[in-house]
Each structure stands twice: as structure tokens, then as C-alpha cells.
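Colleague: I have a structure here, written as C-alpha cells, and I will follow up with some questions on it.
The values are calculated or read from the model by the stated rules, or taken from the named source; none is laboratory data. The shown structure was predicted, so the numbers you read here are calculated from the model rather than taken from an experiment. Cβ sites come from the backbone with ideal geometry, for glycine too, and all protein chains shown count toward neighbours.
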């Protein structure tokens, strides 16, 4: 039992919500104390996974156009649909998938032909395709918030915030919760990886794809590392004098330590990001040599490097999956951009013996509808937002490979092993050795938890 | 209105009384224990998973009857053994003694020791389960006793069940719902009531207060506290002299002059805006500009500066539009309309949401916001069910919800008032116009190209040309293909430019005499946040139909409700005798009636809530620990008598906030040092300083840090109010592409002149989807949830920003230039730097070390040439187009940087200045600058 997860008093004091000014994130100094916010903690339950890499396909990939084939839709193609679900109103018609499918690997995972590298049995045999999740929201930001924070309204802590709150992180010189996006932020922006009501230590750190990976990480161009060292020394002198005059202010030492940590991170972060040092075959495997796959490949490779160095939770966003029209072009290009890097990530983790305790998740914020409405008066071949069905891939981290759950014959609705997002969240925490009902934080009048009001573990997903 | 009406018996109880006559058999203690304690406990804690829907029963075990309990579950049968608690597994389970059966499984649902004891006693007594009629009789007999050992019953409009309605509360738990009683104080001559009540507790704890703070500490504290700005060295010197002569008079005079400063309002409005969640955009998927939100921000600043009575401030924000109909002149009318901006502060966008749901999202948000802000009551907690802990039935939630049911959001006309700053209108309009014209021209180019191709198509098919609108509904065979003549890239570009036209058209409304406001009327058929207008004709006879929404769901309307207030407070609102907590249900006037009830002198929550917030801003911690939640689960006040005394006194003297500041600042409690002789012992015995035995140190807020630096470097433009200010933002973030519904949001462009940029931080343009990274990293709160108190957690990214950012580098260089201008010798420059930053001279050792550092850095900088900084006037954007799944490019113009006057950069100054700037940067990074003592 972990009573300290729910006691507000002592923690409020330490974390600076009361009169105190709080201690410091990522700090070696405070890490030595048991109360250090990011020091590694024992899981509550036997954990299957230690780390998570979540690949988020923003916009919502079509389940029937990736891993959940619907031959019935092909038969119904362009026939009128009377469905009242989804946002679109007026005349609607069914849309058959433009892709053909085949079964791969010993578990017979369905994949459209667009997936080339994921179909490699070395990868496919690790995959669990979960078809039962239901999103509840029809609009992007609400659904993104829901999948990433458990709350449709936003403002609540992200998945990685809860994970690091519960487990701490293994390398105090690196952020424990890292987010990588494309150049453009997803809808809802940093609200998807906020610490919410949890203390600021648990906020996701976004490693920027261009420019400085963390804002203002490098010194000004005219100041070298030695200059930075001397600057911190002078600051330490001034602060030391000051602290001596103010013994009542116990947290000052921790604030000074945050500068020392920053100094170390200035070295360590670029080192992790320095993927040039990787051997050529690895770069080739992740697709860094091809224009289409290089951006996502670089981020997948970085995710592996971060987890290897002790980062707890990595999330990567890939945009452009919102195919209301021109589905064939859109999904072909998007699948191509992630296929090789994802397959490489799973292979690489496996080869390094890291897949056992690293949970890899591939998902979007919702699925797509089997039908579409006309756009500008013409049959537009795309799909609307579907809150009742979607598809996910899971690998490693104690997940059972195979197909779990099912959608109906046109993919309108999850019908087998159907669960709301909160159950998926509870399961994710469970794999990490955390009990959603016990991982709580007192805020605004009640003990809050990721699932909001509790949920259940989806046992079928667990090995 | 009478202060407190007679608590009356609700009708449910009367019917129960009738039923009870039929039962003569007296109840045993064990039966009473079951009816009053154990039965409700099983219902609340167990039935959720072990009762109700047969498909959802866990472990084949039910707790809904004695028979089922005796039967047990699939694996364990000895759940309940009457008369033998030891053998009854249910006790093992609720004590969490068996790892596989920890019940209830949620940590925060666990039974208390007391509850476990009830269960044990009941089992030992043979586990009797009386029939329903007998239970009713027991409950009726119990409900007649308002006060028992178990606590008090608070009369309310009634819960969904009798268990809830007759629930008892510990009086100390429901302190906030009880009337404010002003304690009689036996004050000594010249004794401050604050000190009287604080020292009462100190004496009881046998702790002495800290000694008084010295004059230099005090002026810095008061200056930041009241204006958010540091004192100048000259002010420090003058105050020190005055303080030495007559400390009381000096503090009084300083306080008075700071309260008279217009910067007072800027500092105190910030807290109110944190609570109200001020932003210049609407958030969510589109993050549309709320073009006139800045007028509400300035209204709040003016209200603080004018020392507007707080009750009036409350009423204007909740019902300004209704009051405006009675306004004496146009200017007052405008002011009242602007005030209703409060009701528009939450994030909201109806895009891709059904109309009714969008309305519900708005109403839930506004109800919660009004409750948290004015009544320190988190309303969300009783939206789906009766409040778990507080005497707040869900019926009352929907009564307040009904009060707002006819409140529609709209931009409405409101003339500018003379106090409003309208500087920069022409320049701003020209800038936006330029961007709008560019977007329009780009749209035209693409549309012309498309239509040229359409004409060609029609000609080829021997059909007469129709424009896009006219041909929309034609069959595919008789019209050209959609997007004809445009490449995939151009199709994407057209969508981007069309969205830009919207954005800039909307932005132009900033300069119009309009406000983000509300009106009373029926729900509009169509909602789109980019343009919300009041219809010309509003059906005023319309009345909303309001229901309890069971479980918070629109699909499950329950009992009908009318507009009303929180019944547990015992403050009547209307003239309906049967139910004094109902508001007359005319469409108009509902909010005004609610507002008057909130601002009523007898309302026990309102004055306590604001007094608590003011106290918190002075001391860095409130008297009652959760300023947005005074409920049973909120932290109890450390000084309940003091809170009540201040609240009562505040109301008696006309709800004046400046008077309250004076009283607090003139107290010894406020003026004591941060250093306590027994600090070690106190940190152990009273770690949260609940005794206020010393003045708590606080870190400057994000806004104070930026504003204070600008004041110290001499760059601060002290102008009041007006359009959102656009200071430089980290360039990587300013140009960062940001997805909105269909496209990318335009880049953030700073104002071209330093004076426009160097306004106080409260005026900085606040975009929900794009926080200013400097302010954000220093714990500026988000704009989704109300922020009752700033966090000051120190995280490493702060160190990066404070050491390496352009903003800090620029400030340090400007500071160095100021020092060089004012004095020549390095030693004097160091002295001046310390005085400006810390309000004190450097020590001998500091002088020596800092001089050596500057000299050493001069050598370093002599060997280095900084790179010049450039500002782009256009950028190429890249976006993934859904049509093709491929990225396409387009150009965005940044006219603000065409005639841009940058701050002085490292390239503009020599090695000597850069070396001195290193010292300045160290001072700005230091603990001493960052904290108020």
C-alpha cells in the first residue's frame, strides 16, 4: 500500500504549494531524499513495463484503412448510408478502403499492403492489435485531450505526468517525460503533455525538432562553456552569501542546484540527441536516409536513446491522419512516413533486450467512420470522425501479441472487448505497476486519478 | 429579506412522519445502528459493484439484502456471520487485510476506523436488518433531532434521496456555510485586530512572533506587494529616514501613496484575472480571438484603482448587462457591459460539437466559475449527484444552472469610456489591414485561377458559366471538378488564406466599440465562435425549460427545476414563500437576483472568500487553505476568528478593499521579519507557518520578474491599459507553427518599437494556445482552470531561460548601458547595480569579487565577436495537406519586422559593456532579486 500517494499535507509542503518555495526538479541533491519528486520509486504492483514509447497519429487513422479490414465496405462502396452517428449530416455514402489487405506473422495480424516493414514477422509477431477502444469525443482537441490526459476538457495531467509522478525517472540529468512533435504542434498544444494539477516537475518536456531542443538550452552564441561555468560560479557566490543571511529559507540550496543541473543538461541533452554517432546500419534501418521517413525515424531513434538512458515516458506525434477526403493519397503517404521507423524501433528494442520492459503504443485520438458525406457536391473519398471505434497497436512491455476485440462488419462500432479510453489508461498504468485507484492526487476538493472516476484493467491485452 | 428564515421541514419529511405512526414496535440500538449507519454505508461503498445491474455484479456477491450478504460470494462464503465479527470476512476485507480483497478498492473510498467500528458492532449485535417501514420510522425519529452527537442536519432544497437530505455534518466541517459572527475583541489601545487574533494563537502555542523587519526589507515588501514593482534607491533612502523617525507614520504614508498609484490596480487585477482565467482568445480547436477582451482586463484594473465596493464589483460582473438597462448614462452603460466579460472568460468553442452540448459546456463552465470565484465553492462536485461531502444537493446546481439557462454569449456594442486607453488604434488597424489585404489578394489569385479553369470547362461542354456558389448543388456531370485548375498545393494554400481572412477580419474588431458580453434570450439555432451576435429581435417572453440532468447527462433530464440559489446557506433570495431559495423565472433579471444574493451582507461565503484571497496575496498563503473551495474537503481556516472578524468588518465598512490592505499592512504580523530566532524549531513544529510566526518569503511572480527588470533597466513604459501589448517572445516560439482547426495560426509578431513592447506584463497578449514561454516557465498559470494561488516550483528550464534567453541577455545589456551612463568607475557601477536590484549597497567582499569578475569577463569578451541578430520579414510555412498527405509550402508576411527597432544587442556594444552585463545578469538570476522578504 502506498499511502504517500494520497496524503496532501506533507507533499504540499515539499512541493511548494504551501508557504514553502518548493524544491527542484531533476536534482541530484534532492534525489537523495526520499521525498524527491522525480527519484525512482518502487511500483505499487509487480510491473511488466518500465518505460513507455507512445506513437501518436494525430488526426485519427482509419482503422479500416490500416489494421482492421472491412470487405463489407468494399461491397457497399458509394451506396447510401443512413447512419446518424458522427458529425456529418445530410447525404452520406459508404466508402470502401482503397487498400488491399493480407494477414502477416504467426498471429495473422491484418495489415494493408501499404505496411511493408511492419509486416516483417520479426516485428509483426510482437504486435497486439486492439480493436475495442472507444473515444467518446468527435472533435480533435477534446479527443486528443481525452487520450492524452484522461479528460476531454483539457487541463489535467498527461499520461507521462502520471507515470513519472508514480514512478519517478531513472536519469536525473534528463527529463523523465519527453514529447516530440512535428514542427507544428498538435491541436491543444502543450495541453496534451501538461502537468495539470500535479506539481510542475511532472510536466512533459518537448524536445523541439528544429532549433534548440529545449528552449534556451544553449548559451548565447558569444558565451562559451567556460563562460557559463564562471557565470554559475559567480551566481553561487552571490547566492551563498544570501543563503547564509537567510537560514529560514531552506529551499534556496535546491534552487541553486537547478543551475548546476541545467549546466549538466546542456551537455547531456545534445549528447542524447546526437544520433550521428549511431552506426550507419541503424540510421538506415530507421529510414534516416530517405526524405519521407527521416523526420519520424529520427524521433523514433531518439526515443530509443532516451529510454536507454533512463527516460520514463516518450511520446511522439505524427500529424496529417485526418483524411476527410483523398484518403488513398493521404494514408499512403502517412503510412510510408511511419512504417519503416516504427518497425525499426521495435526490432531495435528487441535486439537490445529492451522490448520486454518497454511498452510501445501506436494510436490516434479516434477512429474513422465507414461513410462520408459529399464535399462541394462531389463524392469525396474520405472518412469522418468516429468515437465508437478505432484501432491500436501495442508491443512489448508485457502485452500479449495477437488480435484483441473486434468492430462490427462495417467498422462503425467496437463490439467485442469494447472499452472506453479510461480502461485503456487503467491498463497502461497497470502494466507499469501502478494502480489507477491508488495513484491519486488531491485537487479542487477531491482525490483525482487518471481515469477520472476509476476503470478496469483490460485483461485480454496482458500476457 | 430576513437574515435567516426558520429552518422548515421539507415535504418528504412530513410524509415520512405520517408513515411512522403505523409502527409501534420500538427500535433496538442495533436496528438504529443499521438504519442510520451501516445501511447507508453498504449503499454508498459496496452496492456500486455488488448491487444493481445484474451484468455488472462483481464476484457473484451482492450487498443489497441480509440474505445476499449471508449467502456470500463465488469464492468466500463467510462474508457475514451474525454475532461473530471475527469470522466475518467483510471486516477483513474493509480493513484491507487480505491483498486480494481490499474493499472498497479505491484508496480514497476506504472506510474510516469509525465506519469499520459501526460494521463490527452491528455484526456483533447479530446483524439485524429491519424492514423498510421500520427503517423509515427510525429515520423520521432521527431527523427530528437537528443536532445529535453525530453532527447537525443542514436544511437544503433536498437531495436525490433521504439519506442525503438528513445527512449530518460536523459543525466545524461546514464552517463556511454558517453565518459570519464577528468576534468581540478586547483590543488594547492602538492594537491592530489582526495582531490581536494572530498573537492569541501564538500565545497558545507558546511561540513568540519574529522581530520587526528592517526598513529596507519593508519598503521592498510593500512596494512589490501593492504595485508589483521594486522601489528605486531614492525611495529606499527616503523611506529609511522616515521610518527611523516614526515607523508607523512612514508605513502608513508609504501604503497610502502606493494605494494611490495606478500601478496598484495592475498588480491586484492580476490575481483576479488568474481566478477568472483571463485570455485574449477562446482556446479549443480554433482559438479564435476574443477581440475586445482587453477591455474587461482594464475594467478590472480600474475597479481596483477606484476602490470599487466589492459587492458592486460582483454584481457588475455577473449581471452588468441587466444593470446596464438602468444605467444613468452611456459611459456607465458601457462600463457595465464591459464587466460582463467575466462570463466570457472560460475556454469555449462549439466547433464540431452539437448545439445542446456546446451550450451545456458553456453553462457548466460559467456555473463553476461563478461558484469558485465568488462563493469559494467548486460547483462541478455536485453536477452529477448530490455533493459527496458538502450540504449542496444537485438540485441547487441545476437551480444555478437554470439561472444562466437564458444567458447567451455575444459580442455587443459598447462605446469607449473616457478612461480607456485608445493609443495605437490607427497603427494597429493599419497593421491588421495590411495582413488582411494580403490574405484577400492571395485568395483572389487562387479563386481567379480556379474560375478561369471553370469557364474553360463550361465552354468546352457548351454550358453557360456559373460561379462556385451557383453551381454547388448541380450534378457532377454538369459542373467542373471541384478545385479545378488548382494543384494540390494551391488547394491547400487556398484553405490557409481563407482562414487567414477570417482571422484578420476578426482581429479588426479589437478597435471597434464592442465587448465580449452576454444577453438574455432563447438558444441560437447555430453557434460559431468566430462570430456571435445578438439577434435584432429577441423573444423576451421565452422561458428556458430546466431540469436536473441525471448524472450530468443531457440525455437524462430528471425533475424540473427553476432558477435559484444554494439553499444550505439559509439566505433567502426570493419572495416565494414555499421555497425562499427560488428566483422568479422571468427570462430577464435572473442573474441580477443571483448577483444580489451573492453580494448580500448575510451571505456567509462571499465576504469570507474575498478577504481570504486578499490575505493570501499579502502573505503568500491564505487563512483558509483552498480559496476556491471552502467545502468540507477544503483546508480549514488556520484562524477562523480572524477570517470572520475581517469578513464582518469588511462588509460593515462598505466592502472596501483598500481599507483592508491598510489594516493588514499596518499590522505587526505583516511587518515582522522573515527571520525567526527559533527557525529550526518552527520548521519542525509548524512547517507551513500556520501560526504566521514570521513573514513568509515568496518568489516573485513571472510578471513581477519581467516588470521589475524593465523598471531596473529603465525601459519600463508605465502607460496604463489599452490594446494587448506584443513584447518580443522567444523567436522559436513566436514563429512556431501551431495547428488550429483547418490551418496554421499566423505567427506572433512583436511591436516594432521598444516602448510598445516594454509595457507591464499584465497587458501582454494572452493566447490560450500559445503561452509566452518566459512567463510560462516562471509558473504563470494556464488559462483553462481557475488559479487560486500561484505555484513557484523551481524547475531546470527556468535556469535555461534566466541564463540564456534573448530577453534576459537584452535586459542585462540595457542595464549595463544604464550603469555606464550614470557613473563611470567600475566600483560605483557595481554599487549602483546592487542598489537598483536589491535596494542595498554591496558588502566589501561582494564589491571585490564582482569587480574581479567584470575585469575577467572583459578579457573574455575582447576575444569574441557576437553574431548579429536578424528579424525575418517573411517566412515559408509548411503544412501537411489532407488531400495528398504531403507537405506544401506558402509564404507568410511579417510586416512588424519591416521597420523594426530592436533592443540593444550584444553586437551594438563593446567588450566592456558585455562584461558589465554579465554582472547584471548574475544579479537578475540571484535569489535576492527573485524573492521578496
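Colleague: Condition first: part of a helix (DSSP H, G or I), free of Cβ contacts under 8 Å to residues at least 24 places away in the same chain and either within 7 Å of chain B (Cβ to nearest Cβ) or more than 19 Å from residue B:802 (Cα to Cα) (or both). Now tell me which residues in the range A:231-251 satisfy that.
Modeller: A:231, A:234, A:237, A:238, A:239, A:241, A:242, A:243, A:244, A:245
Colleague: Where the second residue is not in a helix (DSSP H, G or I) and the first is closer than 14 Å to residue B:83 by Cβ and lies in the range B:114-137, which pairs have Cβ atoms under 6 Å and are six or more apart or on separate chains?
Modeller: Taking only residues 6 or more apart or on different chains, the pairs are B:120/B:85; B:123/B:85; B:123/B:88; B:124/B:85; B:126/B:82; B:126/B:83; B:127/B:82.
Colleague: Next question. State all residues of the range B:780-794 that are within 7 Å of chain A (Cβ to nearest Cβ) and in a loop (DSSP other than H, G, I, E, B); if no residue qualifies, say none.
Modeller: So in the range B:780-794, the residues within 7 Å of chain A (Cβ to nearest Cβ) come out as B:782, B:784-785, B:791-794.
B:782, B:784, B:785, B:791, B:792, B:793 - these are the residues of the range B:780-794 that are within 7 Å of chain A (Cβ to nearest Cβ) and in a loop (DSSP other than H, G, I, E, B).
Colleague: In the set B:474, B:423, B:437, B:523, which member is within 25 Å of residue B:753 (Cβ to Cβ) and not in a helix (DSSP H, G or I)?
Modeller: Going through B:474, B:423, B:437, B:523 in turn, the sole match is B:423.
Colleague: Please find, among B:497, B:510, the residue that is more than 11 Å from chain A (Cβ to nearest Cβ), under 28 Å from the mean Cα position of the chain (by Cα) and either modelled with pLDDT under 90 or part of a helix (DSSP H, G or I) (or both).
Modeller: Criteria check complete, one pass: B:510.
Colleague: Kindly indicate the residue of the range B:109-137 that is exposed (fewer than 12 other Cβ atoms within 10 Å of the Cβ) and within 46 Å of the chain's Cα centre (by Cα) and also farthest from residue B:175 (Cα to Cα) among those meeting that condition.
Modeller: B:113
Colleague: From the list B:302, B:267, B:277, pick out the single residue that is away from chain A (no Cβ under 14 Å) and buried (at least 22 other Cβ atoms within 10 Å of the Cβ).
Modeller: None of the others qualify; the one that does is B:267.
Colleague: Now, a different point. Can you report the number of residues in the range B:458-471 which are within 14 Å of chain A (Cβ to nearest Cβ) and either surrounded by 12 or more Cβ atoms within 10 Å (Cβ to Cβ) or not in a loop (DSSP other than H, G, I, E, B) (or both)?
Modeller: Of the residues in that region, 5 qualify.
Colleague: Which condition does residue B:34 not pass, out of (1) surrounded by 14 or more Cβ atoms within 10 Å (Cβ to Cβ); (2) more than 14 Å from chain A (Cβ to nearest Cβ); (3) assigned to a loop (DSSP other than H, G, I, E, B), if it passes all the others?
Modeller: Unmet condition: (3).
Colleague: Name the single residue that is farthest from the chain's Cα centre (by Cα) among those in the range A:219-230 being part of a loop (DSSP other than H, G, I, E, B) and facing another protein chain (nearest Cβ under 7 Å).
Modeller: A:222
Rundown of residues vs (1) closer than 14 Å to residue B:807 by Cα; (2) outside any helix (DSSP H, G or I), yes/no style:
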site	(1), (2)
B:691	no, yes
B:695	no, yes
B:732	yes, no
B:750	yes, yes
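Colleague: Identify all residues within the range A:158-185 that are closer than 22 Å to residue B:771 by Cβ, within 12 Å of chain B (Cβ to nearest Cβ) and assigned to a loop (DSSP other than H, G, I, E, B); write none if there are none.
Modeller: Listed by number, the residues that qualify are A:175, A:176, A:181, A:182, A:183, A:184.
Colleague: Here's a follow-up. Only one residue in A:335, A:282 is buried (at least 20 other Cβ atoms within 10 Å of the Cβ), modelled with pLDDT of 95 or more and either in contact with a helix residue (DSSP H, G or I) (Cβ under 9 Å, 6 or more places away or on another chain) or within 14 Å of chain B (Cβ to nearest Cβ) (or both), so which one is that?
Modeller: The conditions single out A:335.
Colleague: Just to be sure I understand, how many residues within the range B:362-385 are surrounded by 24 or more Cβ atoms within 10 Å (Cβ to Cβ) and over 22 Å from the mean Cα position of the chain (by Cα)?
Modeller: 0
Colleague: For the range A:191-214, what are the residues that are at the interface with chain B (Cβ under 7 Å from one of its Cβ atoms) and touching a residue at least 60 places away in the same chain (Cβ under 8 Å)?
Modeller: Across the range A:191-214, the qualifying residues are A:199, A:200, A:201.
Colleague: So which residues in the range A:185-202 are surrounded by 23 or more Cβ atoms within 10 Å (Cβ to Cβ) and within 18 Å of residue A:56 (Cα to Cα)?
Modeller: Those that are surrounded by 23 or more Cβ atoms within 10 Å (Cβ to Cβ) and within 18 Å of residue A:56 (Cα to Cα): A:185, A:186, A:187, A:188, A:189, A:191, A:192, A:193, A:194.
Colleague: Which condition number in (1) surrounded by fewer than 22 Cβ atoms within 10 Å (Cβ to Cβ); (2) in contact (Cβ under 8 Å) with a residue 40 or more places away in the chain; (3) more than 7 Å from chain B (Cβ to nearest Cβ) is the one that residue A:277 fails?
Modeller: (2)
Colleague: Name every residue in the range A:118-130 that is surrounded by fewer than 19 Cβ atoms within 10 Å (Cβ to Cβ) and in contact (Cβ under 8 Å) with a residue 24 or more places away in the chain, in order of residue number.
Modeller: Once the filter is applied, which keeps residues that are surrounded by fewer than 19 Cβ atoms within 10 Å (Cβ to Cβ) and in contact (Cβ under 8 Å) with a residue 24 or more places away in the chain, the range A:118-130 yields A:120, A:122, A:125.
Colleague: Another question, then. How many residues does the range A:428-454 contain that are more than 9 Å from chain B (Cβ to nearest Cβ), surrounded by 23 or more Cβ atoms within 10 Å (Cβ to Cβ) and farther than 30 Å from residue B:627 by Cα?
Modeller: Number of matching residues: 6.
Colleague: Okay, moving on. Of the residues that make up the range B:138-152, is at least one under 39 Å from the mean Cα position of the chain (by Cα), modelled with pLDDT under 90 and closer than 21 Å to residue B:564 by Cβ?
Modeller: So far as the range B:138-152 goes, no, none of its residues is under 39 Å from the mean Cα position of the chain (by Cα), modelled with pLDDT under 90 and closer than 21 Å to residue B:564 by Cβ.
Colleague: Same structure again: Working carefully through the options B:590, B:613, B:659, find the one that is at negative phi, within 17 Å of the chain's Cα centre (by Cα) and more than 14 Å from chain A (Cβ to nearest Cβ).
Modeller: B:613
Colleague: Please count how many residues of the range B:880-920 are on the phi < 0 side of the Ramachandran plot, in contact with a helix residue (DSSP H, G or I) (Cβ under 7 Å, 6 or more places away or on another chain) and facing another protein chain (nearest Cβ under 7 Å).
Modeller: 6
Colleague: Further question on the same structure: From A:272, A:314, grab the single residue that is in contact (Cβ under 8 Å) with a residue 24 or more places away in the chain, in contact with a helix residue (DSSP H, G or I) (Cβ under 6 Å, 6 or more places away or on another chain) and assigned to a strand (DSSP E or B).
Modeller: The match here is A:314.
Colleague: Being more than 25 Å from the chain's Cα centre (by Cα), away from chain A (no Cβ under 14 Å) and under 28 Å from residue B:530 (Cβ atoms) is true for just one of B:751, B:743. Which residue is that?
Modeller: None of the other options fit; the residue is B:751.
Colleague: What's the number of the condition residue B:194 fails, among (1) surrounded by fewer than 19 Cβ atoms within 10 Å (Cβ to Cβ); (2) under 27 Å from residue B:660 (Cα atoms)?
Modeller: (1)
Colleague: Take the range B:90-113 and flag every residue that is within 18 Å of residue A:45 (Cβ to Cβ) and touching a residue at least 12 places away in the same chain (Cβ under 8 Å).
Modeller: B:96, B:101, B:103, B:104, B:110, listed by residue number.
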